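**Q** Just passing along the structure, written as structure tokens.
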Amino acid sequence: MNRHLDNNIKRIARLGHYTKPEKVKGAIKLDSNENFALDKEFVADVAAEAARKVDLREYPLDQLEELYSQLAKYSGVKDKYVAAGSGSDQIIELLLSTLGGGRATVFVPTFSYFINRCQLHGMKIDQVPLEREFTLDRRAFVKSANKSDLVYICSPNNPTGNQIDRDMVMDIVDSVKGKLVLIDEAYVDFADYSLSADVTKRDNVIVLRTLSKAFGLAGARVGYMVANEKFIRMFRSTIQSPYPISSLSLAIASGVLARADHVRKTIRTVRSERSRLFTRLSGLDCVKVFKSDANFLFIEVGRKYVPISKALKSDGIVVKLLGNIAGHKGCMRVTIGTPDMNDKFLHSVEGSL
Ligand SMILES: Cc1ncc(COP(=O)(O)O)c(C=O)c1O
């Protein structure tokens, strides 16, 4: 076999990979941070209308531009600062394969897919541990970032749920001039601030966003990025393939964005449910809940991990089981669902103690 190919196959075979969650039929799905407060009928109606509108025999020629405009309006920037892709996963992949290489700095724990993709592209990764309450040691992070080529900041962070303080993130961006900084705002619609409008004038920062979470379109696969005009032009014209999103998904995304007010209402529900769950879980012995700016909670249950996991399983509730992570014992990441789903989750946890 060709040596180059042989080496690549051996290298890739040794790498870790993202494991997709298991599909459990009929379960209450609180493991992937989707938005179930957005009712299925609403999305189905938009999808049915989209299916009637598009002509799948044709390539989507002007729908992307229409989407840029809606995404720009929603993000508070001009159209020229927005590009889109088939989920933010694909945008991350394209950015790493074209602008990546060398060394990346991330804080951990964070979104494991990003680390896996850096490894796939042969990048070295410097992992700076978050502090005990998931705050960031700014000095340690900047020190590492200045020795790297690329910096990844997940904000709010998956799986911890918290958003690093805005001033600290901007301070980091200012302290690592010349490095590519990727700010992953997949969960920002549930948080208090976004940096979208701040990055359009910077030459090294890209904000990644998605319609998979708050907008309830994980199945449609639509992600987007906000950055300066030069990055966006290059991404749209050269990096991205000509037709990255199906015309059906484009029409569905446009349909949901046109009804963004309804989505905003569900975001308010999720935020209020987040507070309710936080308060209820905080009142339980053996459960430590961490402050979240996202649509999920990171909880540490220590020695109650096995009984709680068992109870959830037998009650048909699926959460992301993290085990021991970042110095914390028996951890889980739980999506905020509808009030009814959340009640069932609380009932199951309380019943197992
Ligand atoms: C932090 C983060 N970024 C990106 C993604 C991927 O989103 P998309 O569905 O747009 O590919 C996820 C999905 O879980 C995520 O948690």
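**Q** Rounded to two decimals, what is Rg over Rh for segment 257-317 when you use alpha-carbon atoms and the Kirkwood radius?
**A** Working: Rg = 14.7 Å, Rh = 13.4 Å.
Expressed as Rg/Rh, it is 1.10.
**Q** I've got another one for you. Let me make sure I get this right: for segment 292-331, a, b and c are the square roots of the gyration tensor eigenvalues over alpha carbons, sorted descending. Under 1.5 in a/c it's rounded, otherwise prolate if a/b > b/c, else oblate. Which is it? Don't skip to the answer; put the middle values down first.
**A** Working: a/c = 2.52, a/b = 1.18, b/c = 2.13.
Since a/c reaches 1.5 but b/c is at least a/b, the shape of segment 292-331 is classed as oblate.
**Q** What's the local net charge at E185, with K and R +1, D and E -1, over the other residues with C-beta under 11 Å away? Please report the intermediate quantities before stating the final value.
**A** Numbers: positive: R209, K213; negative: D184, D189, D293.
Its environment carries a net charge of -1.
**Q** Per residue, how much accessible area does the chain have with a 1.4 Å probe, in Å²? Could you put the intermediate results ahead of the total?
**A** On the way: 16660 Å² over 353 residues.
Here the residues of the chain average 47 Å² of exposed surface.
**Q** Classify segment 83-239 from the C-alpha gyration tensor, please: rounded if a/c falls under 1.5, else prolate or oblate depending on whether a/b exceeds b/c.
**A** Working: a/c = 1.35, a/b = 1.16, b/c = 1.16.
Rounded is the answer for segment 83-239, as its axis ratio a/c remains below 1.5.
**Q** Also: In segment 169-232, what is the count of Lys pairs whose alpha carbons are under 19 Å apart, counting only pairs at least 8 residues apart or on separate chains?
**A** For segment 169-232, qualifying lysine pairs total 5.
**Q** Another question, then. From the mean inverse distance of alpha carbon pairs (Kirkwood) and the Cα radius of gyration, derive Rg over Rh for segment 178-297.
**A** With Rh from the inverse mean 1/r over Cα pairs, Rg/Rh is 1.05.
**Q** Could you calculate, for segment 249-353, the ratio of the Cα radius of gyration to the Kirkwood radius, expressed as Rg to Rh?
**A** 1.05
**Q** In percent, what relative contact order does the chain have, based on Cα pairs under 8 Å that are 6 or more apart in sequence?
**A** 23 percent
**Q** While we're here: Name the longest site-free stretch of the chain, where the excluded sites are GluC sites (Glu not before Pro) in a DSSP loop with no more than 16 other beta-carbon atoms within 10 Å. Show your work: numbers first, answer last.
**A** Values: sites that count: E22, E58, E131, E133.
Result, exposed sites excluded: 134-353.
**Q** Quick test of the membrane-span-like rule: which DSSP H helices of the chain reach at least 27 Å along their long axis (C-alpha atoms) with mean Kyte hydropathy at least -1.0? Spell out each step's value before the answer.
**A** Details: long enough: 260-282 (32 Å, -0.89).
Correct list, ordered by number: 260-282.
**Q** Could you name the lysines in cross-link range of K313, using Cα to Cα under 23 Å and dropping any fewer than eight places away on the same chain?
**A** K20, K23, K25, K29, K288, K304, K329, K344
**Q** What area, in nm² and to one decimal, does the C-alpha convex hull of the chain cast on average over all directions?
**A** Taking the Cα atoms of the chain, their convex hull projects to 19.0 nm² on average.
**Q** Let me ask something else. Is segment 83-125 best put as rounded, prolate or oblate by its Cα gyration tensor, with a ≥ b ≥ c the root eigenvalues, rounded for a/c under 1.5, and otherwise prolate when a/b is larger than b/c, oblate when not?
**A** Note, shape of segment 83-125 comes out oblate.
**Q** Determine the percent antiparallel among the DSSP beta bridges restricted to the chain, to the nearest 5. Working shown, then result.
**A** On the way: 19 of 40 bridges.
Roughly 50 percent of the beta bridges in the chain run antiparallel, per DSSP.
The values are calculated or read from the model by the stated rules, or taken from the named source; none is laboratory data. Keep in mind that what you see is a predicted model, and the values were worked out from it rather than measured. Ideal geometry is used to build each Cβ from the backbone, glycine not excepted, and the neighbour counts take in all protein chains shown. Side chains are part of the model used for accessible areas, which takes the heavy atoms of the whole protein and leaves out ligands, DNA and RNA. Shrake-Rupley method; radii C 1.70, N 1.55, O 1.52, S 1.80 Å.
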